[in-house]
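J.: The structure is given below, and queries will be raised subsequently.
The values are calculated or read from the model by the stated rules, or taken from the named source; none is laboratory data. Computed from a predicted structure; not experimentally measured. Because the Cβ atoms are built from the backbone with ideal geometry, glycine has one as well, and the counts that use them run over all protein chains shown. The area values use the complete protein model at the heavy-atom level, side chains included, leaving out ligands, DNA and RNA. Shrake-Rupley method; radii C 1.70, N 1.55, O 1.52, S 1.80 Å.
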Amino acid sequence: MAKLHISTTINGEPEEFLCTPDETMLDVLRNQLDLTGAKEGCGSGDCGACSITLDGTLVCSCLMLAAEAEGKKITTIEGMAEGETLHPLQQKFLEEAALQCGICTPGMLIAAKALLDENPDPTETEVRFWLAGNLCRCTGYDKIIRAVLDTAADMRGAA
Amino acid sequence: MSGSDNKWIGENTIRPDGADKVTGRAAFAADTSMPGMIWGKVLRSPHAHAVIKGIDTSKAEALPGVKAVMTAADIVDFPTDTPVALGIQDMRWMCRNVMAREKALFHGHPVAAVAAMTEAIAAEACKLIEVDYEVLPHAIEIDDALAPDAPILHDFIEFEGKPSNIAGTIEHTKGDVEAGFAEADVVIERDFTTRPVHQGYIEPHACLVSVASDNKTTIWSSSQGQFMVRAMVGLLTGLTQSDIRAIPAEIGGGFGGKTIVYLEPLATILSKKSGRPVKMTMTREEVMRASGPTSGSKSTIKIGVKKDGTITAAEGIYWLQAGGLPGAPVRGAVGCALAPYDIANGHTLGYDVVCNRSKVAAYRAPGAPIGAFGVECVIDELAEAIGMDPLDLRLKNAAREGTQAVHGPTYPVMGYVESLTSAKAHEHYNAPLGPNQGRGVASGFWFNAGGESSAQVNITEDGNVVVTTGHPDIGGSRAGIANICAELLGIDYKRISVLIGDTATIGFSNLTGGSRVLFASSMVVTESTKNIIRTLCELAAKIWDIDPDAVEWEDGAARPAGANAGQFDPLTLAELAARANETGGPIGAGAQVNTTGAEGGFGTHICDVEVDPELGIARVIRYTVLQDVGRAVHPAYVEGQMQGGAAQAIGWALNEEYLYDKDGKVDNPGFLDYRMPVASDLPMLDTHIIEIPNPKHPQGVRGVGEVPLVPGLSAVRNAVYNAIGIRFNDLPLSPPRILAALDVREAAE
Ligand code: FES
Ligand code: FES
């Protein structure tokens, strides 16, 4: 299969890669670009472990063709902290023990950030429904939901 | 040890591996690559039960890009008549589970594997492998496997002198149950079933293996025990253990399901054959079809009580699906079922039933939730029958210090009673309920486990600390270790790095499982740290030229013990480390212990549900987990275990189950149709930590992680009964089942 040449922006940096037309964004991130923070939990859009944003919109990178990245801006978990400073969500997840094994964490964080970007003051129910596409088998979600709500409150206070 | 004196034990510190995990840097099993690496793929049986008459791999081998092909002929054979135990596993079954030998025993059973330049070529090559199957009738459900004309899976298994699918039994007896039932005023006997459910870890099995030409083998994989990986790969491939270095990747959930190997021996053989590093990952579909769920079960429970609530006798007979090879968690079912109660006459008996589904693997308190389910449901019904509060009925019969359990042991001091009294007094238990809402309670027990653990604690030249243990950290155990080490040394926990060693860098350590890790690893870390403190005191004594016994360690520094020892300024850890070379050399200590004293754990759950009578959906609206944890070294991760276990129990009770088609193929091998709880399905999960320290542990720790799965199935089911007045004895309580029952009742009214 002839490869396509794709020019895109990943975590603020210009990036080019070659991919076959059927290759997923997740495979290119993980296998070509060494961005293994996005995980493959299912490959079918059901677990959210592969979450990234595409021009600010939350997507499952396992369901996205790599070729769709052309001309777009992608953010992955590797681009969430500002240099040495963790994003408030990352910091809160640590402080409130909102992760156990940590495999769902990159996807949870990307999804939660996309929520707070859109809605800085979500209710518990809104957080639960927004994150319903991100499976976590370890925590029972309690500490994750609290961490997102507490971060939102902190960020509103700081703004 | 009293909580109030502690600076770090009991603190919610930031976990040592935290920053890596929130930034995507932590390397899980599938995240590592190597130069020259190729990809492996497994060919799986399309039949639930078939004799393998021959395998022709020549076409696959000829495909360009294919570097190696393997079958069961490449794996060490363990004859079926000679047991070879490795922990609770038997290599006779493991060698047949990782790759079908004489027979394919379930749909998805590996029959061959290929390594090729790309995953796509490997998958293509798998299609070119020709397997000559003689398809046999299959048996999946317990009743099918036990029917008189059932297809027999293994001709080497006999029960009561006849070929059978019953591979073994475990039984516990105390007193005389018949006499006990005769004394009872009310006896209730019910049949129950639970469906097989998957552990549901989000990270599929994956590994990367490099076998060099001198057989030096490096394995990166996600498992609950790098030493288990080394031993199993050694046994299955014939490599010597000293040639194998098993490196524990970060593990993305296990819950027992990663206590055995699937891909590692195959990748090792493919790497040896191809001369290349080989990476293998399972798809979610492969995980669901071919990695171990826990057993489905059926059981008959009979319990008798007097009018005053005294249980006079209890009996539980269980049948558990083992999957294609023996090994259902019967011990957990028959051992834990009656364990919370002080019962004069008890009998439990469990059967290990082979059937054509993937071989079960451990799942959080293996067997115990199955054991507890029917018992806790019948106790609920008995409480109603004699007009007693269900917590009071449990309290009346609760096991305490000195109780001899039906499964044998006599209990030491423990906090089951406290879990019940705390539940009774809890605001949740006394809160009002709305229409269509109901409340249920249930209790549960898990044995907990000790076993082998190793640790090495080293002081760096700049006076900080590196702790290495041998247990994969699956839920924050490194944070607990940091707290304990900081407490003993009297220094800030941030000065302590906690790492998981590989099989070449740390001594043998048994699995992360059975709720043993913090219990056992804190014992070896405590012993090592105490030895270091002794060394530090000796170094200070040398510097001060006084007797080492006249030095004590306090607040991170050596100090003269009392006025008689002399007047010296304290020497801090950093100061002593800086002078280590002149006073005696590197400072470090290790310990390797077969730990004992892991006493059992008990918990009680309160669950509120609301049932939608139109849709049949039961939603958990409030949940409280109460548990004796001994000592909560890192309370947030203790709560996390309690919450995670409860969530899995809710999934098992309400929705999760394997569905099979008529050909014995799993019909729902993905997260869309195998419905685990998502964030919008659950409420906050409240926890109530009870701390009755384990007297046999330096910090008082008891295992925590397993217990919270045990009571949940019945707590949910009892709540549904309380909401709509229908007692369901078959799980899951999915909307179709609830609707059907409501319809039946309506038709009868
Ligand atoms: S891997 Fe993309 S949603 Fe699961
Ligand atoms: S922390 Fe393990 S899956 Fe979420």
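J.: Can you bin chain B into rounded, prolate or oblate? Criterion: square roots of the alpha carbon gyration tensor eigenvalues sorted a ≥ b ≥ c, rounded for a/c under 1.5, prolate for a/b above b/c, oblate for the rest.
T.: oblate
J.: Under DSSP H, which helices of chain B have Cα atoms covering 27 Å or more of the helix axis and a Kyte-Doolittle average no less than 0.5?
T.: Correct list, ordered by number: B:517-544.
J.: OK, next. Set the Förster radius R0 to 60 Å, insert the Cβ-Cβ distance between B:THR410 and B:SER213 as r into 1/(1 + (r/R0)^6), and round the FRET efficiency to 0.05.
T.: Using R0 = 60 Å, I get an efficiency of 0.60.
J.: Does region B:480-539 come out rounded, prolate or oblate, given a ≥ b ≥ c as the square roots of the eigenvalues of its C-alpha gyration tensor, rounded meaning a/c under 1.5 and, failing that, prolate meaning a/b above b/c? It would help to have the intermediate numbers written out before the result.
T.: On the way: a/c = 1.93, a/b = 1.60, b/c = 1.21.
Verdict is prolate for region B:480-539.
J.: Report the accessible area of B:HIS172, computed with a 1.4 Å probe over the heavy atoms of all protein chains in place, in Å² rounded to the nearest 10.
T.: About 40 Å², ignoring ligands and nucleic acids.
J.: Moving on. So how do B:105-115, B:669-679, B:512-522, B:451-461 stack up, highest first, on mean other-Cβ count within 10 Å?
T.: Highest mean packing first, the order is B:512-522, B:105-115, B:451-461, B:669-679.
J.: Using the Cβ atoms and a cut-off under 14 Å, what net charge is assigned to the surroundings of B:GLN226, where Lys and Arg are +1 and Asp and Glu are -1?
T.: -2
J.: Still on this model: Could you tell me the distance between the Cα centroids of region B:65-99 and region B:444-510, to the nearest Å?
T.: The two parts, judged by their Cα centres, are 33 Å apart.
J.: How large are Rg and Dmax for region B:12-120 when only the alpha carbon atoms are used, in Å?
T.: Final numbers for Rg and Dmax: 18.9, 59 Å.
J.: Could you grab the relative contact order for region B:589-667? Cα pairs under 8 Å, six or more apart, rounded to a whole percent.
T.: The normalised contact order for region B:589-667 reaches 20 percent.
J.: A further question on this structure: Would you work out which of B:ILE689, B:ASN165, B:ALA580 lies farthest towards the positive end of the dipole of chain B? Charges go on Cβ: Lys and Arg +1, Asp and Glu -1.
T.: Going by the charge dipole, the pick is B:ALA580.
J.: Another question, if that's okay. For peptide B:665-676, compute the average count of partner chain beta-carbon atoms within 10 Å of each residue's beta-carbon.
T.: For peptide B:665-676, the averaged partner shielding equals 2.
J.: Using a Förster distance of 45 angstrom, determine the FRET efficiency expected from the C-beta separation of B:ILE14 and A:ALA2, and round it to 0.05.
T.: 0.40
J.: Could you rank the peptides B:238-250, A:133-145, B:147-159, A:30-42 by their average count of other C-beta atoms within 10 Å per residue, with the highest value first?
T.: Ranked by mean Cβ neighbours within 10 Å, highest first: A:133-145, A:30-42, B:238-250, B:147-159.
J.: When only the heavy atoms of the protein chains count and the probe is 1.4 Å, how do B:GLU746, B:GLU130 rank by accessible area, highest first? Can you show the working numbers first?
T.: Working: B:GLU746 130, B:GLU130 80 Å².
So, going from the largest accessible area down, we get B:GLU746, B:GLU130.
J.: Bin width 5 Å, origin at 0, all Cα-Cα pairs of region A:88-158: what percent of pairs per bin?
T.: Per 5 Å bin, starting at 0, the Cα pair percentages come out as 3, 19, 34, 28, 12, 3, 0.
J.: Counting each DSSP H run of 4 or more residues in chain A as -39500 (n - 2.57), what helix-only mean residue ellipticity at 222 nm follows after dividing by all residues, to the nearest 500 deg cm²/dmol?
T.: Values: 4 runs with 46 residues, N = 159.
It comes out at -9000 deg cm²/dmol, rounded to the nearest 500.
J.: To continue, here is another question. Looking only at other chains, what is the average number of their beta-carbon atoms within 10 angstrom of each beta-carbon in B:14-20? Intermediate values should be presented prior to the final figure.
T.: Numbers: counts 4, 5, 0, 2, 10, 5, 1.
Taking the mean over all residues of the peptide, I get 4.
J.: In peptide B:633-646, how many Cβ atoms from other protein chains are near each Cβ within 10 Å, on average?
T.: That average works out to 4.
J.: Okay, moving on. With +1 on each Lys and Arg Cβ and -1 on each Asp and Glu Cβ, and nothing else charged, work out how big the dipole of region A:57-159 is about its Cα centre, in Debye to the nearest 20.
T.: The dipole of region A:57-159 has a size of about 240 debye.
J.: Does the protein assembly as shown come out rounded, prolate or oblate by the C-alpha gyration tensor, with a ≥ b ≥ c the root eigenvalues, rounded set by a/c under 1.5 and, if not, prolate when a/b is larger than b/c and oblate if not?
T.: The shape class here is rounded.
J.: Given the C-alpha centroids of region B:116-189 and region B:670-749, what is the distance between them in whole angstrom?
T.: 26 Å
J.: So how far apart, in nm, are the two label points at B:ASP661 and A:GLU126 if each is 7 Å from Cα heading toward Cβ?
T.: 4.4 nm
J.: Relative contact order for chain A using alpha-carbon pairs under 8 Å, separation at least 6, rounded to a whole percent?
T.: It rounds to 23 percent for chain A.
J.: At a 1.4 Å probe radius, carbon and sulfur cover how many percent of the accessible area of chain B? Display every interim value, and only then the final one.
T.: Numbers: 12630 of 25570 Å².
Carbon-and-sulfur percentage of accessible area, whole number: 49.
J.: Any residues in region B:189-209 that have 10 Å² or more less accessible area with all protein chains than in their chain alone, probe 1.4 Å, and which are they?
T.: B:ILE202, B:GLU203, B:PRO204
J.: For chain A, what is the accessible area per residue in Å², given a 1.4 Å probe and the full set of protein chains? Show your work: numbers first, answer last.
T.: Working: 6440 Å² over 159 residues.
For chain A, the solvent-accessible area averages 41 Å² per residue.
J.: If you average the alpha carbon positions of region A:54-81 and of region A:107-123, how far apart do those two centres end up, in angstrom?
T.: First find each Cα centre; the distance between them is then 16 Å.
J.: Moving to a separate point now. Where does each of B:612-619, B:292-299 land if you order them by average Cβ count within 10 Å, highest first?
T.: Averaged packing, sorted descending, gives the order B:292-299, B:612-619.
J.: Can you give the FRET efficiency to the nearest 0.05 for B:THR583 and B:PHE508, using r as the Cβ-Cβ distance and R₀ = 25 Å?
T.: It comes to 0.20.
J.: With every protein chain kept in place and ligands, DNA and RNA left out, what is the accessible area per residue of chain B? Probe 1.4 Å, answer in Å².
T.: Ligands and nucleic acids excluded, the figure is 34 Å² per residue.
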